[in-house]
Structure formats: structure tokens, C-alpha cells
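Worksheet: one structure, shown below.
Read-outs: derived from the displayed coordinates by stated rules, not from any lab. The structure presented is a predicted model; accordingly, all values stated were derived computationally and were not measured. A quick note on method: Cβ atoms are made from the backbone with ideal geometry, for glycine too, and the neighbour counts reach across all protein chains shown.
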Amino acid sequence: MANEFLYGRNAVVESLRAGRRRHRSVRLLDSARQDERIEEIIGRAGQQGIPVTRVPRDELDSYAPRGNQGVVLETSAYPYATPLDAAPVGEEIILALDELEDPRNAGALMRSAEAAGVAGVIFPERRSVEVTPAVVNASAGAVEHLRVWKETNLARWLARAGELGYWVIGLDGGEDSQNLFDADLPLPAVLVIGSEGRGLRRLTRERCEMLLRIPMYGSIASLNAAAAGSIALYHLREYGA
């Protein structure tokens, strides 16, 4: 499997901290200013026997976008987890992404998911974002610590999750959805976030035992998936029972 090039100081640091990939090398911009992040990258690379080289801007930019913050980590592909088949443990929260395709939205949402302590993130194999270097960067490296897996049929998996004891909760702006802040939130739960434009697909929506909406008080009609999902995750974490 081809190597990947992670970029951005936070993304590289978290991947080195997580230790879940097979790291090949670190390339630093030859004029990069030494700061705490760079020092940590060099230190962790040294501890793990990963070579560090200083390279000019043109060479560094050939491996990653110009917003790479002067550091690129050559490493193995993202280590997806196997599908979750075990019974729920305690008050776990799982995040499901229903054909979310924008890497910035997905990365930002995974950053919130990791901070909120979710048990894992699931998304369908087709018409969905992958954990690419862009997603790792957008998550500030948080996805390197997450358990992420893919399913061929998300709706079928949600039905199975319900049989295992999870409440399947969809975030949806429809009139039949409950106000997030008024609802009694059960745990353990799978929180399902739809795509940026279409929202939840019909079959996915039908698998949800509860639909929640975030009330809008200003002039805009909705939040993007990352913002809405982050609000819902933290509310579920704080007030779910």
C-alpha cells in the first residue's frame, strides 16, 4: 500500500504520539523556526528511529500543500479499525457520518469527536470522505487517536447497532425533529450526521429512533455539519443518560 504524506505541525505531532502507523521519515523546511512543536517532532522522531531531513520549500511543497507549516511526515496509510460487532460498554457514544464528503467538515467533526471522547466513528465505504492527509490536518491530528471504520451498508449497520442496545439518534432539521436542548437523551447512542447538502438519506433516517434539530435564532437556516455535529456531541456527552 502506498505511503501517505501527513502535513501540519499538529497533525504530525499527534501521529507520532499515537504510534499507530509505520513512519518512514520526517522532512522539515530548512528555514523553519525552531519552536515547541518542531522540537517535539524532532524528539519523537529520534526516539522512534525516524530520519529527519531539512529540505528547501520547493521540495517540501512537492509532497504536501503549501499550508504544510514546514513539516511533512511520510508514513503508512491510515489504520482503519474492523467493524464494531461487540455489545455496548457503559455509556459509549459512536459517531456515524452518512455520506459526509467535505474533508474540512469531516476533519473538524472528528476533532470534536475525539475531544468529546466518542468510542468510534463510522461511515459508509462509498460516496463518503476517507481519512486522507487533508482530513488528518483538518482534525489537527485528532483522527490519529480515533477508532474509525467503514461499512458497506450504513443503514443495515445502524439496525444492528439498535439490536445491540444503542439508541440511534439522527441530527435532522425537519419539523418532526425534537429540539436538541429539550429532548431526553439516552445512552449508549449512535449519533448520525448527514451530508452537507442532502442531510440524512431516507433509509438512514428511517433507522433513527430519535431525530434532533438545533434551533436557529439568527438569519441563516442551518449550521454546517461540523458545527452542528460538535454541538450535538457535547450536549449528548454532558446530558445523555
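Give the order of TYR217, TYR80 when sorted by the count of other beta carbons within 10 angstrom, beginning with the fewest. Before the final figure, lay out the partial values.
Working: TYR217 5, TYR80 12.
Placing the least packed residue first, the sequence is TYR217, TYR80.
Using the alpha-carbon atoms, what tilt in degrees (0 to 90, nearest 10) does helix 154-163 show relative to the longest principal axis of the chain?
60 degrees
Please give the helix 225-239 orientation as an angle from the longest Cα principal axis of the chain, in degrees from 0 to 90, rounded to the nearest 10.
The answer is roughly 70 degrees.
Could you tell me the relative contact order of segment 4-75? Use alpha-carbon pairs under 8 Å, at least six residues apart, and round to a whole percent.
55 percent
Label points 7 Å out from Cα along the Cβ direction at GLN34 and GLN178: separation in nm?
Simple spin-label model gives 5.7 nm for this pair.
Please name whichever of ASN153, VAL118, SER62 sits farthest to the positive end of the charge dipole of the chain, dipole taken about the Cα centre and charges placed at Cβ: Lys and Arg +1, Asp and Glu -1.
Sorting the options by dipole projection puts first SER62.
Within segment 118-160, what residues put their amide N at less than 14 Å from the label point 7 Å along the Cα-to-Cβ vector of LEU203?
The answer is 124-127, 151-160.
For the chain, what does the helix formula give at 222 nm: sum of -39500 (n - 2.57) over DSSP H segments with n ≥ 4, over the residue count, nearest 500 deg cm²/dmol?
-9500 deg cm²/dmol
For the Cα atoms of the chain, what angle does the longest principal axis make with the long axis of helix 36-47, in degrees from 0 to 90, nearest 10?
Approximately 80 degrees, to the nearest ten.
For Cα pairs less than 8 Å apart in space and 6+ apart in sequence, what is the mean separation divided by the residue count of segment 156-235, i.e. the relative contact order in percent?
On the way: 104 pairs, mean separation 30.9, N = 80.
Across segment 156-235, relative contact order equals 39 percent.
With contacts defined as alpha carbon pairs under 8 Å and 6 or more residues apart, what's the relative contact order of segment 74-198 in percent?
Computed over segment 74-198, the figure is 35 percent.
Around GLU151, which amide H atoms from residues at least 5 apart in sequence, or from another chain, sit under 5 Å from its own amide H, with H modelled in the peptide plane?
Under 5 Å from the amide H of GLU151 lie the amide H atoms of PHE123, GLU125, each far enough along the sequence or on another chain.
Most mobile of ARG213, ARG147, ARG156 per a Gaussian network model of the chain (Cα springs, under 10 Å)?
ARG156
What order do you get for LEU109, LEU171, LEU185 when you list them from fewest to most C-beta neighbours inside 10 Å?
Starting with the residue having the fewest Cβ neighbours, the order is LEU185, LEU171, LEU109.
Enumerate the residues in segment 143-184 having an amide nitrogen under 17 Å from the point lying 7 Å beyond the Cα of TYR217 toward its Cβ.
Backbone N within reach: 179-183.
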